[in-house]
Amino acid sequence: ARTGLSVRSEELSERAQSEIAAFNQGATPIAGGIDLVLPDVAEDGHKVSLKCAARGAEELLVVAPFNPVPTLMRARFGGQATPGRLATRVRLAQSQEVLAFARMPDGTLRRTARAVTVIVGGCAPQGG
């Protein structure tokens, strides 16, 4: 199966697939409509700057599918919030394609991805 991105869904961890499926609720996301800003190269995976914006989005999900805990952030926007815009720092365990999904007011889903090369990983192995 295809995620609509360069990563095939069967290449994702079971946990990443589950988190994405729970957000998508069976709908197929449409490419585009999200600005996902990450560096091309992250020298230190412990602190990677991330900005995500989807104009008018009610909810955003950002996933690093090869992190021990794939969901980097999930946010819902209320009436007083600046809808569809986030900025933070995240950890990336390894080089990977970071995936972003947005739920729009009309119920449609949007998607995009951004590849990041990580020099020094920012996550300890699970169980370690």
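Search segment 38-73 for residues being among the charged types (D, E, K, R) and farther than 21 Å from SER95 by Cα, and hand back the single one that is least open to solvent (accessible area, probe 1.4 Å). First the steps, then the outcome.
Of segment 38-73, the ones among the charged types (D, E, K, R) are 40, 43-44, 47, 51, 55, 58-59.
Still in the running and farther than 21 Å from SER95 by Cα: 55, 58-59.
Details: ARG55: 223, GLU58: 85, GLU59: 14 Å².
Checking each candidate, the answer is GLU59.
Assess whether GLU43 counts as being of a type in the set (D, E, K, R) and modelled with pLDDT under 90.
Details: of a type in the set (D, E, K, R): yes; modelled with pLDDT under 90: no.
No: the conditions fail for GLU43.
Can you tell me which residues in segment 79-104 are of a type outside the set (Lys, Arg), open to solvent by 70 Å² or more (accessible area, probe 1.4 Å) and at pLDDT 90 or above?
Of everything in segment 79-104, those that are of a type outside the set (Lys, Arg), open to solvent by 70 Å² or more (accessible area, probe 1.4 Å) and at pLDDT 90 or above turn out to be ALA87, GLN94.
Restricting the search to segment 15-66, which residues are of a type in the set (Lys, Arg) and either free of Cβ contacts under 8 Å to residues at least 40 places away in the same chain or closer than 18 Å to LEU86 by Cβ (or both)? Lay out the reasoning, then the answer.
First, the residues of segment 15-66 that are of a type in the set (Lys, Arg): 15, 47, 51, 55.
Selection gives LYS47, LYS51, ARG55.
The values are calculated or read from the model by the stated rules, or taken from the named source; none is laboratory data. Everything quoted here is computed from the prediction, not taken from an experiment. For neighbour counting, all protein chains shown are included, and Cβ atoms are generated from backbone atoms with ideal geometry for every residue, glycine included. Please note that ligands, DNA and RNA were not included when accessible areas were found on the heavy atoms of the full protein model with its side chains. Shrake-Rupley method; radii C 1.70, N 1.55, O 1.52, S 1.80 Å.
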